[in-house]
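Let me begin by presenting the structure, written as structure tokens, before commenting on it.
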Amino acid sequence: MTSTRLKTIAKHIDPYKKIADVGCDHGYLILEAFENHNIEFAQAIDNKSQPLKNALKNITQEGLSSKVIFTLGEGLENLWEEVEVVIISGMGGFNIIKILSNNQNKEIKRFILQANRNVYNLREFLMENNYRIVDEDIVDEGEKYYEIIVCEFTNEKQVYSEDELKFGPVLLRKRSPVFINKLKHERDKLTVIDMKVDAIEEKIRRLDEIICWQKK
Ligand SMILES: C[S@@+](CC[C@H](N)C(=O)[O-])C[C@H]1O[C@@H](n2cnc3c(N)ncnc32)[C@H](O)[C@@H]1O
């Protein structure tokens, strides 16, 4: 069964039809995209042969291998030029930053990114490199929270506040129940720390403000 995380990532592919999944591993995201989002073509990219073999096996089993290019390679190095949406998920934020830093193709319409850690650093990189965050989602799975960032390359500098980099500009606006639960969870972790230094007090105060802040 496809995870909620991968299903939520795949929802952001629409309305595009040609995708590349960098770090495709078992190929589950590509299968979900064919099954529920009517894509025409996918490029499955991984820099290790075993994950790529797993993807090949799973995608072949579903009779979809003629619609998929399998690429053993590093990040976006051998990206097929017709790709509209690039997905990079389930990795650390700094690895995603490294992959995006080598992006030569400014024609890609959309990036869907999901970093398992260092999401702040990823948003900061996007801001400094002219990527506009157009949507975000958050899902919880197995007691972990996963933030999904949808962005587009632009020619303009983007500006995000410290709160927006930390919590996500769109997540702050959407204020979904999962997002509020994540903040409460962070707050609870801070309140059990015995040593009450000013920086921790300030973080708790800011989290309280955001949790209680009413949607206009
Ligand atoms: C933990 S899996 C995540 C799989 C899937 N994307 C997901 O979200 O569940 C990370 C995959 O990315 C691959 N990977 C890591 N760095 C990569 C890079 N620079 N280029 C291509 N693949 C990479 C790994 O080999 C691994 O198969």
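Bear in mind that the values in this text are calculations on the coordinates, not laboratory data. Predicted model, so just to flag it, every value in this text is computed and none were measured. Note that each Cβ is placed from the backbone with ideal geometry, even for glycine, and that neighbours are counted across all protein chains shown.
Taking the 0 to 90 degree range and rounding to the nearest ten, how far is the long axis of helix 119-128 tilted relative to the main principal axis of the chain, both from C-alpha atoms?
The two axes meet at around 80 degrees.
Write out the GluC sites (Glu not before Pro) in region 1-67 meeting two conditions: DSSP loop, and at most 14 other Cβ atoms within 10 Å of their Cβ.
Passing both the DSSP loop test and the Cβ count: E40, E62.
Order the peptides 68-77, 138-147, 42-51 from the highest to the lowest mean number of other Cβ atoms within 10 Å of their residues.
Result, highest mean first: 42-51, 68-77, 138-147.
What percent of all Cα-Cα pairs in region 11-108 falls into each 5 Å bin, going from 0 up to the bin containing the maximum distance?
Reading upward from the zero bin: 3, 14, 27, 26, 20, 8, 2.
Specify the angular offset, from 0 to 90 degrees and rounded to the nearest 10, of the alpha carbon long axis of helix 28-37 from the longest principal axis of the alpha carbons in the chain.
Tilt of helix 28-37: around 80 degrees.
Taking every DSSP beta bridge that has both residues in the chain, what percent is antiparallel when rounded to the nearest 5? The partial results should precede the final answer.
On the way: 13 of 33 bridges.
Given both bridge residues lie in the chain, the antiparallel proportion sits at roughly 40 percent.
Based on Cβ point charges of +1 for Lys and Arg and -1 for Asp and Glu, what charge dipole magnitude is obtained for the chain about its Cα centre, in debye rounded to the nearest 20?
Details: 32 positive and 36 negative charges, 69 e Å.
Using only the charged Cβ atoms, the result is roughly 320 debye.
May I ask you to sort R110, R205 by Cβ crowding, counting other Cβ atoms within 10 Å and putting the fewest first? Write down the numbers at each step before the final one.
Working: R110 18, R205 10.
Lowest count first: R205, R110.
Pairing the Cα long axis of helix 177-191 with the longest principal axis of the chain, what angle in degrees results, from 0 to 90 and rounded to the nearest 10?
50 degrees
Find out how many positive minus negative residues lie around I112, taking Lys and Arg as positive, Asp and Glu as negative, among other residues whose Cβ is under 15 Å from that of I112.
Summing Lys/Arg as +1 and Asp/Glu as -1 gives 0.
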